Amino acid sequence: MTYKSIVLNLNIDGMVAPVIKLGVELARRFDAVLIGFSAGDVPPPIVMEGGTTFEDESMTRQLQNIERRIEDIRAEFGGLAGTAVETEWRGAVGNPTRLLINVACAADLIVTASPESFFSGNVHRSPDLGNLIIQSGRPVFVAAADQKSIRLNKVIVGWKNTREARRAVVDAMPFLRLAQEVRIITINEKATDAIWNSLNDVVAFLSRHGVQAKVEIFPEKSDGGTIVDVADAMDADLIISGGYGHSRLREWIFGGATRSLLENDRLNRVMSH
């Protein structure tokens, strides 16, 4: 398995040059088509007593601003990508999450920058990463802040024997094959036989695909922050993980590994659901 097409999400707000450069590097590594994508939408009118808060003229002006910004991003994408890789472009006015999920059918991998604020972002200006991970049916690479390139010296797999984690290992196989060192880590207060058996099975599975991996169990309480702390301590270049093994509502209320990973903009993350 390899990535032959990559969708690169470019948010209409903020700098896009770093993530464009990252997308070009990934496309070159995998000899993939790079599909640039950008979308934004005008918030719906808020109906209040006596009328609406947005006049038609104001909404038209906002729409025109979004269209101009998408065209600017398209030009920047084309300029930075140049002829280094084969490219396509998808830009549209509409809900960024819904449109990006629809475009996902054209790609093996979705790449996006870290949002400035994952849990308070404007869903009309950038995709909702939680919904994207759950609904796209594709692995999502969330880049570290201002990431322009990526090393793959050390890759960590956050392992729990769940459907989401098993899916993530398969989806991230192209990255695992390029890594110089792969660690499969499990965080659990009790290292049971079942845990060791699943770790041994995934190591054997990876070995059959040409990936040599080592395993480690951290006998700690499995909370959301621990996996981020381990990745930081190991100076990991990339962490691979299943996304939303628990319901998204539960993670929102109680916290969890997915929430902690998405909040941490120092790490490159590949997540699958």
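Mind telling me which of the residues Lys154, Lys148 ends up being closer than 30 Å to Leu10 by Cα, of a type in the set (Lys, Arg) and open to solvent by less than 50 Å² (accessible area, probe 1.4 Å)?
Working: Lys148 fails: open to solvent by less than 50 Å² (accessible area, probe 1.4 Å).
Unique residue meeting the criteria: Lys154.
The condition (being within 23 Å of Gly137 (Cβ to Cβ) and not in a helix (DSSP H, G or I)) is satisfied by just one residue among Val202, Val157, Val182, Val215: Val157.
Here Val123 meets the list (1) assigned to a helix (DSSP H, G or I); (2) closer than 23 Å to Gln64 by Cα; (3) among the β-branched types (Val, Ile, Thr) almost entirely, failing just condition (1).
Scanning region 31-53 for residues that are assigned to a loop (DSSP other than H, G, I, E, B) and either buried (at least 17 other Cβ atoms within 10 Å of the Cβ) or modelled with pLDDT of 90 or more (or both), we see that the one that is nearest to the chain's Cα centre (by Cα) is Ala32.
If only residues of region 236-262 that are of a type in the set (Gly, Ala, Ser) and at pLDDT below 85 are counted, the one that is nearest to Ile185 (Cα to Cα) is Ala257.
Output the residues belonging to region 259-268 that are outside any helix (DSSP H, G or I) and either open to solvent by 60 Å² or more (accessible area, probe 1.4 Å) or within 11 Å of Asp237 (Cβ to Cβ) (or both). The answer is Asp265, Arg266, Leu267, Asn268. Considering only region 98-109, I want to know if a residue exists there that is surrounded by fewer than 19 Cβ atoms within 10 Å (Cβ to Cβ) and in a loop (DSSP other than H, G, I, E, B). Within region 98-109, not a single residue is surrounded by fewer than 19 Cβ atoms within 10 Å (Cβ to Cβ) and in a loop (DSSP other than H, G, I, E, B).
The values are calculated or read from the model by the stated rules, or taken from the named source; none is laboratory data. Quick caveat: nothing in here was measured; it's all calculated off a predicted structure. Glycine also receives a Cβ, built like all others from the backbone with ideal geometry; neighbour counts cover every protein chain displayed. SASA here: full protein model, heavy atoms, side chains in, ligands and nucleic acids out. Shrake-Rupley method; radii C 1.70, N 1.55, O 1.52, S 1.80 Å.
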